[in-house]
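Chemist: Got a structure for you, written out below as structure tokens; questions coming shortly.
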Amino acid sequence: MVSKESGIGLRYPVPWDQVERETLEHFQTIVRMDTTSPPGNETLVAEYLKQVLEREGITGRLLALEPNRANLVARIRGNGSKRPILVMGHTDVVGVQREKWSVDPFAAVRKGGYIWGRGTGDDKDNVTAGLMLLLLLKRQGVKLDRDVIFLAEGGEEGYSPTGVRYVIPNHWEEIDAEFALAEGGGGIIKDGKVIYISVATSEKVRLEVQLIARGTAGHGSIPRPDNAVVSLANAISRIAAWAQPMRLDETTRTYFQRLAGISPPEAASRYRAILNSSERAEAESHFARHELRHNSMIRTSLSPNVLKAGFRANVIPSDAEALIDIRALPDEDLPKFVERLREVIADPLIEIKTTSGRPAAPASSLNTEMFAALETAQKLVHPESITIPILLTGATDMSPLRAKGMQAYGIGPVVDDEEKGGAHADDERILEKSLHDFVRFVWHAVLEVAAAK
Ligand SMILES: [Zn+2]
């Protein structure tokens with residue numbers, strides 16, 4: 001393949017054919033390592049990466065809270081005139097229901113232009129891109145203004161104590177950086193054309209709320225006014241009817257502006273309307289019915305997902321419980337929000353318990369060298385496309401980094417179907433071409449922001 005390099009990339013020409021063969025080999029090897037979490041066993045991948053790096057003179061270090069759940073960190077040094085960049089991927093994967101897969105989920109089968117397997121899209125693609133980045137920086141002898149740090153972290157799924165939750169408080173100096181690149185973005189390909197490349201600059205904050213209704217137990221033949229099931233059902237219907245106001249920030253405003261520019265006329269006018277407070281009502285109600293992800297991107301959301309109550313049809317239970325999945329906009333004042341929730345439920349006999357996960361963190365700026373470098377990389381690798389910043393409705397390990405002051409950006413390969421074969425899905429898979437394009441994308445973005453000009 002003849003590569004179209006330009007800018008800083010011209011100074012460091014890469015033999016991409018050979019790099020693609022290597023990328024594929026490392027990628028398949030680590031997909032074949034079963035790092036289902038729990039139990040994780042991410043040390044398998046960490047040790048492998050360490051060996052590959054050390055073969056080429058790059059020192060890797062294992063950072064482990066538990067011996068079988070190690071993280072790997074490695075660094076290529078720059079001249080220190082700028083602060084480091086951290087490139088991160090997670091080595092653990094979620095479980096599989098093997099009977100629902102059409103291939104062995106840990107065989108990294110190549111079929112139909114894809115590589116199939118658990119972790120191919122989440123997140124062994126980012127791990128492999130980080131590995132290839134370090135190998136290329138070293139081989140090409142790139143002169144760097146800033147250190148480039150690679151962190152292959154375990155324990156991302158379920159926010160285990162062994163991953164960044166361990167590394168940040170215990171080994172901060174080994175990952176401290178101005179910018180971070182991690183999972184969370186990507187792109188969409190339709191009819192062979194990449195529509196856009198998304199960069200995640202912000203994400204919602206997860207809060208789990210447990211409601212416990214209490215009443216008096218009794219015989220089902222004598223109904224009671226304090227039936228816990230009825231109290232809980234009332235509370236849930238009030239929550240369901242509680243409208244959350246929409247709010248835009250720099251990320252979502254830019255998202256809808258840029259999306260409007262590449263959408264068919266009807267959708268485009270909806271995205272423009274949502275930006276304008278006097279015209280947005282209709283677009284908002286359209287989102288609520290037909291564009292559910294967009295609906296969630298612009299407001300704090302509540303979804304009641306678990307109910308537990310009763311054990312026999314003729315016994316009035318003494319308590320009933322519900323779990324509500326709350327995903328708050330990054331600027332939501334959570335204690336105040338829980339107070340308002342209490343008012344909405346308006347039942348002093350219902351107890352409200354909250355459990356939080358990753359910390360809330362401010363969005364990363366669109367006005368940084370890193371975001372500009374990602375846009376440059378997109379123009380080089382996907383010139384037909386545009387870059388769109390997104391707010392993730394799900395949670396990633398970028399938020400604890402952002403909470404420490406890092407500007408973190410979620411990136412990823414392009415997919416041809418958002419519904420099938422994605423992260424956590426059966427038959428998870430990645431387009432081979434996307435994997436290779438992604439390695440080139442990361443290479444150009446990091447050269448742009450880190451190479452001495
Ligand atoms: Zn992931």
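The values are calculated or read from the model by the stated rules, or taken from the named source; none is laboratory data. Predicted model only: the values in this text are computed from it and were never measured. Ideal geometry is used to build each Cβ from the backbone, glycine not excepted, and the neighbour counts take in all protein chains shown. Each accessible area value is taken on the protein alone, full model and side chains, heavy atoms only, with ligands, DNA and RNA left out. Shrake-Rupley method; radii C 1.70, N 1.55, O 1.52, S 1.80 Å.
Chemist: Of all residues in the range 245-268 being crowded, with 16+ Cβ neighbours inside 10 Å and of a type outside the set (Ser, Thr, Tyr), which is nearest to residue 342 (Cα to Cα)?
Modeler: 246
Chemist: Kindly provide the set of residues from the range 76-104 that are within 16 Å of the ligand (Cβ to nearest atom) and within 19 Å of residue 421 (Cα to Cα), ordered by number.
Modeler: Of everything in the range 76-104, those that are within 16 Å of the ligand (Cβ to nearest atom) and within 19 Å of residue 421 (Cα to Cα) turn out to be 90, 91, 92, 93, 94, 95, 96.
Chemist: A follow-up question, please. Quick check on my filter: what residues within the range 399-445 are touching a Leu at 6+ places or on another chain (Cβ under 6 Å), of a type in the set (Val, Ile, Thr) and either in a helix (DSSP H, G or I) or at pLDDT below 95 (or both)?
Modeler: 442
Chemist: Those residues that are among the small types (Gly, Ala, Ser) and surrounded by 14 or more Cβ atoms within 10 Å (Cβ to Cβ), I need them from the range 87-106; list them, please.
Modeler: Result: 89, single match.
Okay, residues lined up against (1) among the aromatic types (Phe, Trp, Tyr); (2) within 16 Å of the ligand (Cβ to nearest atom); (3) touching a Pro at 6+ places or on another chain (Cβ under 7 Å):
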| residue | (1), (2), (3) |
| --- | --- |
| 320 | no, no, no |
| 338 | no, no, no |
| 349 | no, no, no |
| 365 | no, no, no |
| 403 | no, no, yes |
| 415 | no, yes, no |
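Chemist: Inside the range 158-193, can you point out the residues that are modelled with pLDDT under 95 and either touching an Asp or Glu at 6+ places or on another chain (Cβ under 8 Å) or of a type in the set (Asp, Glu) (or both)?
Modeler: 159, 160, 188, 189, 190, 191, 193
Chemist: Can you tell me which of 337, 371 is more than 30 Å from residue 413 (Cα to Cα), in a helix (DSSP H, G or I) and touching a strand residue (DSSP E or B) at 6+ places or on another chain (Cβ under 7 Å)?
Modeler: That would be 337, the only listed residue that is more than 30 Å from residue 413 (Cα to Cα), in a helix (DSSP H, G or I) and touching a strand residue (DSSP E or B) at 6+ places or on another chain (Cβ under 7 Å).
Chemist: Here is a further query. Take residue 43 and decide whether it is within 29 Å of residue 372 (Cα to Cα), polar (S, T, N, Q), open to solvent by less than 70 Å² (accessible area, probe 1.4 Å) and more than 16 Å from the ligand (Cβ to nearest atom).
Modeler: No; evaluated as a whole, the condition is false for this residue.
Chemist: Something else: In a strand (DSSP E or B), under 21 Å from residue 19 (Cα atoms) and within 16 Å of the ligand (Cβ to nearest atom), is that true of residue 152?
Modeler: yes
Chemist: Of the conditions (1) open to solvent by 20 Å² or more (accessible area, probe 1.4 Å); (2) in contact with a Gly (Cβ under 9 Å, 6 or more places away or on another chain), residue 228 fails just one. Which one is it?
Modeler: (1)
Chemist: Right, next: Can you confirm whether residue 130 is open to solvent by less than 10 Å² (accessible area, probe 1.4 Å), within 16 Å of the ligand (Cβ to nearest atom), part of a loop (DSSP other than H, G, I, E, B) and touching a residue at least 24 places away in the same chain (Cβ under 8 Å)?
Modeler: Answer is no for this residue.
Chemist: Which residue out of 263, 285 is hydroxyl-bearing (Ser, Thr, Tyr) and out of contact with any helix residue (DSSP H, G or I) (no Cβ under 9 Å at 6 or more places or on another chain)?
Modeler: Result of the check over 263, 285: 285.
Chemist: Which of the residues belonging to the range 376-401 are surrounded by fewer than 16 Cβ atoms within 10 Å (Cβ to Cβ) and more than 16 Å from the ligand (Cβ to nearest atom)?
Modeler: 383, 384
Chemist: Within the range 9-22, identify whether any single residue is open to solvent by less than 60 Å² (accessible area, probe 1.4 Å) and under 30 Å from residue 405 (Cα atoms), and answer yes or no.
Modeler: Scanning the range 9-22, I find at least one residue that is open to solvent by less than 60 Å² (accessible area, probe 1.4 Å) and under 30 Å from residue 405 (Cα atoms), so the answer is yes.
Chemist: Any chance you could count how many residues in the range 168-207 are part of a helix (DSSP H, G or I) and within 16 Å of the ligand (Cβ to nearest atom)?
Modeler: Here the count works out to 0.
Chemist: Can you name the residue in the range 417-453 that is hydrophobic (A, V, I, L, M, F, W, C) and within 14 Å of the ligand (Cβ to nearest atom) and, of all such residues, is farthest from residue 128 (Cα to Cα)?
Modeler: Restricting to residues being hydrophobic (A, V, I, L, M, F, W, C) and within 14 Å of the ligand (Cβ to nearest atom), the top hit is 425.
Chemist: Taking strands (runs of 3 or more DSSP E) that fall entirely within the range 1-118, which contain at least 3 residues that are in contact (Cβ under 8 Å) with a residue 60 or more places away in the chain and over 30 Å from residue 178 (Cα atoms)?
Modeler: 114-116
Chemist: What's the number of the condition residue 309 fails, among (1) within 27 Å of the chain's Cα centre (by Cα); (2) closer than 21 Å to residue 223 by Cβ?
Modeler: Tallying (1) within 27 Å of the chain's Cα centre (by Cα); (2) closer than 21 Å to residue 223 by Cβ, residue 309 fails exactly one: (1).
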